[in-house]
Amino acid sequence: ALQYDALFQDSASQQENASVMALLGDVTASRVLDIGCGTGLLLDHCTPGAYCGLDPSRAMLDRLCAKHPAYAPHVLACPFEDFVGQDFDVITCLFGSANYIPPAALAQIPLFLRPGGRYLLMFFQPDYTPVTHTKTGVTIPYMPGITVTLPGTVKTVGHFLVLTGTV
């Protein structure tokens, strides 16, 4: 977790980040649920109106809290399928995090959104090996490709399929 951010300072990673943040748009007045928040990439690039970050890795959340101490009370070390909450304006699941979540849990995302709420979910392309696995040597089982059927639009950003939608 301490070295994670340094692995993604190259220009290709920075371009992917900028493309994703442009797709996400302005969240300054939004209540955001950041699933698989890791070390806080979303917070590195924007300031949501309200924030809840979920990640099963306490070490990654510790790094997020060190970088963004104001958000420390708003992060939970739990997998999405165990989360209980509602009334978000925006739900994100960035950079392949969606591929680590059971499809049945992802299908529940609309239930967590306020009317008119939106989501941005990123999935690894089917033939892609996650760069996190190759850069860190840590491999975690995942499901390639889009694993859930939700209404929306799919765009390609780098090695990812980005599903955006509104309820």
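In nm, to one decimal, how far is the modelled label at Asp44 from the one at Leu111, with both set 7 Å along Cα→Cβ?
About 3.3 nm, to one decimal.
Can you give the accessible area per residue of the chain, in Å², using a 1.4 Å probe?
Using a 1.4 Å probe on heavy atoms only, each residue of the chain averages 48 Å².
As a test of understanding, state the convex hull volume per residue of region 91-167 from its alpha carbons, in Å³. Mind showing how you got there, number by number?
Values: hull volume 6.2 nm³, N = 77.
Spread over its residues, the Cα hull of region 91-167 gives 81 Å³ apiece.
So who's got an amide H within less than 5 Å of the one on Gly53, skipping anything under 5 residues away but keeping other chains? H placed 1.01 Å off N, in plane.
Amide H to amide H, under 5 Å and 5 or more residues apart or across chains, Gly53 pairs with Asp34, Val75, Leu76.
With the full set of protein chains in place, find how many percent of the accessible area of the chain is carbon and sulfur; take the probe as 1.4 Å. Walk me through the numbers before you get to the answer.
On the way: 4540 of 7980 Å².
Roughly 57 percent, rounded to a whole number.
What net charge do the residues around Phe80 carry, taking every other residue with its C-beta under 12 Å from that of Phe80, with Lys and Arg at +1 and Asp and Glu at -1?
Details: positive: none; negative: Asp34, Asp55, Glu81, Asp82.
Residues near Phe80 contribute -4 overall.
To the nearest 20 Debye, how big is the dipole of region 33-167 about its Cα centre, given +1 on the beta carbon of each Lys and Arg and -1 on that of each Asp and Glu? Provide the component values of the computation, followed by the final result.
Working: 7 positive and 9 negative charges, 43 e Å.
So the magnitude is around 200 debye.
As an exercise, use a Förster radius of 22 Å and the Cβ-Cβ distance of Ala59 and Met143 to find the FRET efficiency, rounded to the nearest 0.05. All intermediate terms of the calculation are to be shown ahead of the outcome.
Values: r = 23 Å, r/R0 = 1.06.
The pair Ala59/Met143 has a calculated efficiency of 0.40.
Quick one: which residues, 5 or more positions from Ile91 or on another chain, have an amide H under 5 Å from its amide H? H modelled 1.01 Å from N in the peptide plane, none for Pro or chain starts.
Residues meeting the amide H criterion: Leu33, Arg118, Tyr119, Leu120.
Find out how many positive minus negative residues lie around Ala66, taking Lys and Arg as positive, Asp and Glu as negative, among other residues whose Cβ is under 15 Å from that of Ala66.
Numbers: positive: Arg58, Arg63, Lys67; negative: Asp5, Asp44, Asp55, Asp62.
Neighbour charge sum, excluding Ala66 itself: -1.
Could you calculate the contour length gain from Ala12 to Thr136, that is, 0.36 nm times the residue separation minus the distance between their Cα atoms, to one decimal place in nm? Kindly include the intermediate steps, with their values, before the conclusion.
Working: separation 124, 0.36 × 124 = 44.64 nm, distance 1.75 nm.
Result: 42.9 nm gained on full extension.
Taking 0.36 nm per intervening residue step and subtracting the Cα-Cα distance, what contour gain separates Lys155 from Glu81 on full extension? Spell out each step's value before the answer.
Details: separation 74, 0.36 × 74 = 26.64 nm, distance 2.53 nm.
Gain on stretching Lys155 to Glu81: 24.1 nm.
What ³J(HN,Hα) values, in whole Hz, does the Karplus curve 6.51 cos²θ - 1.76 cosθ + 1.60 give for region 67-75 when θ = phi - 60°, with x put for Gly and Pro?
Once θ is set to phi - 60°, the couplings for region 67-75 become 6, 10, x, 5, 9, 3, x, 10, 10 Hz.
Taking the Cβ of Ile35 as the center, what net charge do the other residues with Cβ under 15 Å away carry, scoring Lys and Arg +1 and Asp and Glu -1? Don't skip to the end; give the middle numbers.
Numbers: positive: Arg31, Arg118; negative: Asp34, Asp55, Glu81, Asp82, Asp89.
Value of the local net charge: -3.
To the nearest whole percent, what portion of all C-alpha pairs in region 1-67 is separated by more than 15 angstrom?
So the pairs more than 15 Å apart make up 55 percent of the total in region 1-67.
The values are calculated or read from the model by the stated rules, or taken from the named source; none is laboratory data. Bear in mind the structure is a predicted one, so any value in this text is a computation, not a measurement. Positions of Cβ are backbone-derived with ideal geometry, glycine not excepted, and every protein chain shown enters the neighbour counts. These area figures cover heavy atoms from the full protein model, side chains too; ligands, DNA and RNA do not enter into them. Shrake-Rupley method; radii C 1.70, N 1.55, O 1.52, S 1.80 Å.
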